[in-house]
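Quick note: the coordinates plus some simple rules give every number you see, no bench work behind them. Everything numeric here is computed off the predicted structure, so don't read it as measured data. Methodologically, a virtual Cβ is constructed for each residue, glycine included, from the backbone with ideal geometry; neighbour enumeration extends over all protein chains shown.
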Amino acid sequence: MRRRMRAALRRVATRVIRPLYEYAEHLAEADLPAFANHPRNLQIERPRRLYDTDRVWIGDDVSIGPGSLIVPQTIYPTPVMRDPAREHEVQTFDPRIAIGHRVTATGGLTIAAMQEVVIEDDVMLASNVMICDGLHGYAHANEPYKYQPMFRIAPVRIGRGSWLGQNVVVLPGVTIGELAIIGANSVVSHDVPARAIAVGQPARVIKRWDAATQRWVPAHARRAGAVGSRG
């Protein structure tokens, strides 16, 4: 009896559930907005919030999980961030977001740019990664921060093949070198060199790749062949 039930459930999944899932995927891809280029095999799962996509370049074979927010910020404050009872000084920006080929993001990805955010090819992003090239102002504490000007605006670049763990935050002006690893829950406030592992709040480099020994070694081991962890 159980065997027959399992077989019946498999048939339902094959004939009904899978086609519905594939159709939903098709709809999600079909209603994607136009981007600055014409990416092939692009998947951005619902729910998603995509703004000013004519300022977003995306490579081929990119997959971004649900809950993403991709926003090239052209003005601040936006209408939703304003107090209708007061006047606001409006900042204007000329932003650009570029996402390379074969980039994957699990879900909950936030990219906000007022100048430029570049994610190079083959980068892997875990859940809830936030990448921003500007911050909300907090010059003084006598009015809500949402009404203060954006500041510390500086471009961000994530190097080829890097891996950013869950809940990583990348702050303005940061360059992460190629094939670097950023540990989960880290806040990256300074550059991270290529082929390095950085963790913490703020993130600091704890290991580097030693090309001579083909091993990860502690960051303080400066010479090839120094004793280190096999990572």
Distance between the C-alpha centers of the range 71-102 and the range 142-209? Whole Å please.
21 Å
Roughly how big is the chain's charge dipole about its Cα centre, with Cβ charges of +1 (Lys, Arg) and -1 (Asp, Glu), in debye to the nearest 20?
1660 debye
Length added when fully stretched, A154-D52, from 0.36 nm per residue minus Cα-Cα
34.8 nm
GNM top mover of A212, A203, A113 - the chain, alpha-carbon springs below 10 Å
A212
In vacuo Debye sum over C-alpha of the range 34-82, base-10 log of normalised intensity I(q)/I(0) at q = 0.19, 0.27, 0.29 Å⁻¹, listed in q order, is -0.68, -1.09, -1.17
Restricting to DSSP H runs of at least four residues, report the calculated mean residue ellipticity at 222 nm for the chain, -39500 (n - 2.57) per run over all residues, nearest 500 deg cm²/dmol.
-3000 deg cm²/dmol
If each residue of separation counts as 0.36 nm, what is the full-extension length gain between Y145 and A34 once their alpha-carbon separation is subtracted?
36.6 nm
Total formal charge among the other residues, if their Cβ is under 15 angstrom from that of E89, Lys/Arg +1 and Asp/Glu -1:
0
Normalized C-alpha radius of gyration of the range 168-213, against 2.2 N^0.38 Å?
1.08
Long-range amide H partners of I119, meaning residues 5 or more apart or on another chain whose placed amide H is closer than 5 Å, are A98, I99, G100, I158
Whether the chain is rounded, prolate or oblate, judged on the alpha carbon gyration tensor where a/c under 1.5 counts as rounded
oblate
Selected from P155, P77, P193 as most flexible by GNM, with the chain as the system and alpha-carbon contacts under 10 Å
P77
Long-range amide H partners of I206, meaning residues 5 or more apart or on another chain whose placed amide H is closer than 5 Å, are I197, A198, V199
